[in-house]
Amino acid sequence: MRKIFLFISIFLLFSSNLVMAAEISEADWLSDLNYLESELPVEHYNLFFKLEKEEFIKEMDKLKNDLPELSNLDTTLRLAEIFAKIGDTHTAIDNTRFLTEYYPLFLKKFEDGYRVIMTDNQYKKILGAKLIAINNYSIEELKDHFNKIITADNQISIDYRISSFLKLNEVLKYLGIVDSKNEFLFEKDGEKIRINFEPLKIKNMASSNNSLSKLDYQTGYIRSNANQLFWSDYIAAEKMVYFQYNSCWSRELAQKHGKPNSELPSFAAEESEILNYIKNKEIDKLVIDLRFNSGGDSSQGTELAEKLSKYRDQFETYIIIGADTFSSAIINALDFKKQLDGYLIGTATMGKPNHYGEVRTFNLPNTGLRVSYSTNYFKLLENSDPDSLYPDITVETKFEDFLSGRDSILEIIKNID
């Protein structure tokens, strides 16, 4: 259950950072929008790579004109629409302080759709159920609606990211998916279940934690330490070194970026342990698991790939990727593939190999809202520009495997001769 509890803690942290704010004046919003319009093109590496400058100005002018009719949240969602047209997944505005209501519906994407992994006790009959529709909007129609406000490099990004949006009552209202009616249709064991959720207050989310029911599943080997930044193991029976790299971050990188934290694990120590396995154990396969890694600083992964390259003829290398593999993790996936002549296995990533990144932020002067933007462009593939990093061997996670704790990707790797 550790992965679900990690998910809960992250979402509760998100809710604890929300600030209930009074409506911001039209004059303050206008000033902030003017500031954004002037500063973002200057700070961003190449803001108009997809959306023309004239169209950006036109969209901003329309938003300014509509301010008298818009709430704080609506204004930020209109900005999200503009950012979606800009097309850089690292350029966004943090509007979480204006979100106030949610449905107790926590979903996870599987091969066959979106399954309920956590909900309020009163709805626990839908645990493990598959979401079919909301107010008669099919899953594909819901994705079409969310395309409007989610900046995505590809369809994989939409497929995986909407699961966290489908619980947000005000966002669903903004997109015209729900109003006074919010009928969610689920399917479980061949039975159709219809639920009309009562919206709950995000500010009360922490105190509501005890009323949540979680899906019962086996953690399994792969998810046993998924809340760690990284860890490794030698699986003697398989003559395999397994390295799970969940975040491009460490004690050393925190120090490098001026954020020292002695409680973080040392990547140098982890690297030493991996090299020790390779030098002193009989190894047929090296597995580098990046499927839970959404990025950070790619430098330490790049350096590890270079150090491992001198041993690459001693074993076969498999790099596991998935929808959550993003940004710097994609850079490292390609590092390991190139340096170790490895095979990518899993599912396509929600980010592109060639992408904008190296993120910085600024705050809007009146609202204080944080805006993130890219300061560099990473061209990792010279002769192509695919919308995702695609695996050499595709393996989807089945819901039944998730429940049993079986990892189909690792099982396939073990059975490759």
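The values are calculated or read from the model by the stated rules, or taken from the named source; none is laboratory data. It should be emphasised that the depicted structure is a prediction, and the values quoted were computed from it without experimental measurement. Ideal geometry is used to build each Cβ from the backbone, glycine not excepted, and the neighbour counts take in all protein chains shown. The accessibility values were calculated without ligands, DNA or RNA, using every heavy atom of the protein model including side chains. Shrake-Rupley method; radii C 1.70, N 1.55, O 1.52, S 1.80 Å.
Couple of notes before you dig in:
- Distance from the range 214-244 to the range 82-109 (C-alpha centre basis), Å: 30
- Accessible area per residue in Å² at 1.4 Å probe, computed on the range 241-368: 41
- Inter-part distance where the range 288-335 and the range 342-417 are each reduced to a Cα centre, Å: 11
- The chain - percent relative contact order, Cα under 8 Å, separation 6 or more: 17
- For the range 305-417: relative contact order, % (alpha-carbon pairs under 8 angstrom, 6 or more apart): 25
- Accessible carbon and sulfur surface of the range 266-417 relative to its total accessible area, %, 1.4 Å: 41
- When peptides 113-121, 57-65, 326-334, 267-275 are sorted by average Cβ neighbour count within 10 Å, with the highest value leading, the order is 326-334, 113-121, 267-275, 57-65.
- Candidates LEU99, LEU290, LEU67: whichever shows maximal mean-square fluctuation once the chain is modelled as a Gaussian network with Cα springs under 10 Å: LEU67
- Count Lys and Arg as plus one, Asp and Glu as minus one, and take only other residues whose Cβ is under 10 Å from that of ILE319; the net charge is then -1.
- From the C-alpha gyration tensor of the chain, square roots of 5λ in Å: 37, 28, 19
- Each DSSP beta bridge with both residues in the chain is either parallel or antiparallel, and the antiparallel ones are about 70%.
- Taking the longest Cα principal axis of the chain as reference, the axis of helix 267-280 is set at about 30 degrees.
- When the convex hull of its Cα atoms is projected in every direction, mean area for the range 294-402 (nm²): 9.4
- Helix 53-66 and the long axis of the chain differ in direction by around 50°, with both axes built from C-alpha atoms.
- Helical contribution to [θ] at 222 nm, DSSP H n ≥ 4, -39,500 (n - 2.57), averaged over the chain, rounded to 500: -10500 deg cm²/dmol
- In this label model, TYR221 and ASP189 are separated by 3.2 nm, measuring between points 7 Å along each Cα→Cβ vector.
- Rule-of-thumb Rg ratio for the range 119-253 [Cα; 2.2 N^0.38 Å; N residues]: 1.35
- Kirkwood hydrodynamic radius (C-alpha pairs) into Stokes-Einstein, the range 369-417, 10 °C and 1.306 mPa s, D in µm²/s: 106
- Mean separation of Cα contacts under 8 Å, 6 or more apart, over the residue count of the range 134-178: relative contact order %: 48
- Sites matching GluC sites (Glu not before Pro) across the range 60-118 that sit in DSSP coil, with at most 15 neighbouring C-beta atoms within 10 Å: GLU111
- Available extension along the chain between ASN415 and GLU52 is 125.6 nm, counting 0.36 nm per residue and deducting the alpha carbon span.
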